[in-house]
Amino acid sequence: MRDNFRNKSDSGIILMASTMGVFILLSLFAFYLARFAVVETRTGGYHAQDIRARNLAMTGIEHGLQSYADSRNTTSINGSFNNGTYSVIFDSQNDEAGSILSKTHYLTLKSKGKIDDVERNVRLLISSFPEAFCFSFYGHNLGSQTFAESNANIYGDMFFNGNIQSNSGASSGITYTGTGTGGTLLSEIPIFPEINTSQYEALINSASQEPGSYVNHALDFDGSNDYVRIGNSSDINTGSHNHRYKTIEAWFKVDNKNITSRKQTIYEQGGTIRGLNIYVFGGALYVGGWNEPNGESDWDPGTWHSTSNIQSNTWHHVALTLNGGNSVSSNAFKGYLDGQQFGSGSGSKLWNHGGDVSIARNRDTKFHTGDYNSARYFAGHIDEVRLWNVTRTQAQIQAMKDTVLNGNESGLTAYYDFQENSGNIANDRQTQSNNDGSLINGPSWTSGPILSKMNSSSFTNRTIDLSSYPNSKLLRSSDLVISNSTINGPGYIVADGNITINSNSIVNGNIFIICSGNMSISNSQAGNDMNSAVVIYSQGNATYVNSSINGLIVSKGNTLSLSGTAVNGAILNYGSSFTLSGNSDVTGSVVSKYSVDIEGVNVSMTRGNIPGFAGKDIGLDPFVVPGSYLEF
């Protein structure tokens, strides 16, 4: 019985061990099944994240395209969406692999989408110009002409919407046609690009509101007893504060610069103890400053600068500047004639200095020869007297000396332009104060200097800095003529009339030239290169002769003519008469609503680079280069 029990016990133990073994095997199998399921789930999760990251990158592409289309903005963009982020960058030089882009007006738009550690990248290439500019010549041909220019030199693919006579197509590249013979027929005709003219029209409208040519007035002083008296003012010479920074400017025309019987005072403030003055004596122009007391700065006897580069009966511009402290320092006091410095010397600030403030006379002042307590008068014309409580730089003086002021310029404390042309008051045009002057003993009104920036419609032998004009816009309500002059940008030249640029004028880059009438450019240069180009827009006829243009020409008039002119960039022509003659070469692209008449074997049109005009609204829509989409 005991043996039977033992046998049963052994059998139970064996069964239990077998059961435990099976349980362990099943557990291990279940563990591996569970591990496989986790791995499979994780792989599926990565796939879903990858799709979401790709969608984020696509969102970035759309955002970048919209931003560039709206304003040609190339600023990097960052955004977040769907628990991830995207970043967009624009590259005007290279593609995603660092290779240089084939055209200067191409742009790489790259977008990166990222969710956790999953990242996807996509890119597009954008042309800053519409599809039609992909050809060396695009002729929409609304006039149904046959393109017959067998002597033409056209390099690169061209398109003409009509028949092309034999041997008149592209010398290098494919000749395409839309509805005719003589080339490869395109099933889908590229759209003629219509330019958005709203900004051009708005600028022309602004120009039309400008007053006519500025009639400048001045005061004529007899040198005997007439002058302008300005009362003491804390803005100019008195007050509890000290006068550390000063700039005094004026235009003057002295009748006789060689007088030695008196100092011909143009401007004076202060007295023999402290003050500033400008005067003519013995054929020279002087500017002076002094502050004598030992308990102050001991700027004694003072500093005078002089120049003999003035002429009688000739308008000149004079300026003195002071940048002084509590003690005398070097290079604190300077003089300028016609924008050029003629002296730099020691000086200090001026303590409160009541006394006279006068134009065209002194009563109690100090000259380079010593104190003088009797009146000294000026014989001649004076205009545009400007008093500043800041130290103007030479560049600032040069930029604004031959234009009128608005009256609200920073640091301007009094401004006398003498535009009243009658009465006995010289109004202070500075908008924040009222330091009007009184005309004493009847100085007479006369014509002022002819200054290039005073709404003149003619600029000859000038350097024009558009930055000196409000909002960098030179606006004229009439015809505008620029001869043998240099125009610096960036900015706008706009005329509600014709624009003529000739006689070796240079219009530097980043400038829009816009007119409602005819555009004529001859023997001149507009734009510097692809990175410093111009936009020329005319609503009337346009003529370019023996000139060099770097940029975009838009002609909305009936006729466009180029003779002996090199264009590096693009032409968009709307007129029915379009001629190229002489040694005219266009490198970039020519797009015309009608045909083009090529006169002469030396004329050429070559597919080439066009300025990108990044950040500038030129009125033309950008174009996504076909086949440029890439995921990487």
Result of the Cβ filter at 8 Å on the stretch 354-375, keeping first residues that are under 21 Å from D222 (Cα atoms) and partners that are surrounded by fewer than 18 Cβ atoms within 10 Å (Cβ to Cβ) and of a type in the set (K, R), at least 6 apart or interchain, is D356/R229; D356/R363; V357/R229; S358/R229; N373/R363; S374/R363; A375/R363
Selection over the stretch 368-399 where residues are within 43 Å of the chain's Cα centre (by Cα) and of a type in the set (G, A, S) yields a count of 4
In the stretch 434-445, what residues are surrounded by 16 or more Cβ atoms within 10 Å (Cβ to Cβ) and out of contact with any Lys or Arg (no Cβ under 7 Å at 6 or more places or on another chain)?
N435, L439, P443, W445
Only one of P193, P211 is part of a loop (DSSP other than H, G, I, E, B) and either buried (at least 18 other Cβ atoms within 10 Å of the Cβ) or among the hydrophobic types (A, V, I, L, M, F, W, C) (or both), namely P193
Looking at the stretch 210-232, is at least one residue among the hydrophobic types (A, V, I, L, M, F, W, C) and within 30 Å of L620 (Cα to Cα)?
no
For I598, the lone unmet condition from (1) buried (at least 21 other Cβ atoms within 10 Å of the Cβ); (2) more than 26 Å from the chain's Cα centre (by Cα); (3) at pLDDT 95 or above is (3)
Residues that are assigned by TED's automatic domain parsing to the domain that holds K253 and surrounded by 22 or more Cβ atoms within 10 Å (Cβ to Cβ), at least 3 per element: which strands (runs of 3 or more DSSP E) completely within the stretch 322-433 meet that?
329-337, 356-359, 379-388, 412-416
Checked the stretch 474-490 for anything under 12 Å from I204 (Cα atoms) and of a type in the set (S, T, Y); matches are S477, S478
Name the residues in the stretch 564-602 that are part of a strand (DSSP E or B), out of contact with any helix residue (DSSP H, G or I) (no Cβ under 9 Å at 6 or more places or on another chain) and small (G, A, S), would you?
A566, G569, S577, S581, S592
Looking at the stretch 92-121 only, could you name the residues that are free of Cβ contacts under 8 Å to residues at least 24 places away in the same chain and within 22 Å of S589 (Cβ to Cβ)?
Q93, I100, S102, T108
Criterion (modelled with pLDDT under 95, surrounded by fewer than 21 Cβ atoms within 10 Å (Cβ to Cβ) and over 16 Å from D356 (Cβ atoms)) met by exactly one of N242, N232, N256:
N242
Which fully enclosed strands (runs of 3 or more DSSP E) of the stretch 441-513 have 2 or more residues being in contact with a Ser or Thr (Cβ under 8 Å, 6 or more places away or on another chain)?
458-460, 463-465, 473-476, 480-483, 486-488, 491-495, 499-502
Restricting the stretch 274-321 to residues that are of a type in the set (V, I, T) and crowded, with 18+ Cβ neighbours inside 10 Å, which is farthest from A218 (Cα to Cα)?
T303
Could you please let me know if S503 is in contact with a strand residue (DSSP E or B) (Cβ under 9 Å, 6 or more places away or on another chain) and of a type outside the set (D, E)?
yes
Restricting to the stretch 102-126, name every residue that is within 32 Å of the chain's Cα centre (by Cα) and either surrounded by fewer than 18 Cβ atoms within 10 Å (Cβ to Cβ) or small (G, A, S) (or both).
S102, S111, L124
Qualifying positions in the stretch 298-326 - within 23 Å of T393 (Cβ to Cβ) and among the hydroxyl-bearing types (S, T, Y)
T303, S306, T307, T321
What tally of residues in the stretch 479-507 results from selecting those that are surrounded by fewer than 18 Cβ atoms within 10 Å (Cβ to Cβ) and either in contact with a Gly (Cβ under 9 Å, 6 or more places away or on another chain) or assigned by TED's automatic domain parsing to the domain that holds L405 (or both)?
2
Within the stretch 440-465, how many residues are over 26 Å from the mean Cα position of the chain (by Cα) and under 16 Å from S483 (Cβ atoms)?
1
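The values are calculated or read from the model by the stated rules, or taken from the named source; none is laboratory data. Being a predicted model, the structure only gives us computed values, none of them experimental. For neighbour counting, all protein chains shown are included, and Cβ atoms are generated from backbone atoms with ideal geometry for every residue, glycine included.
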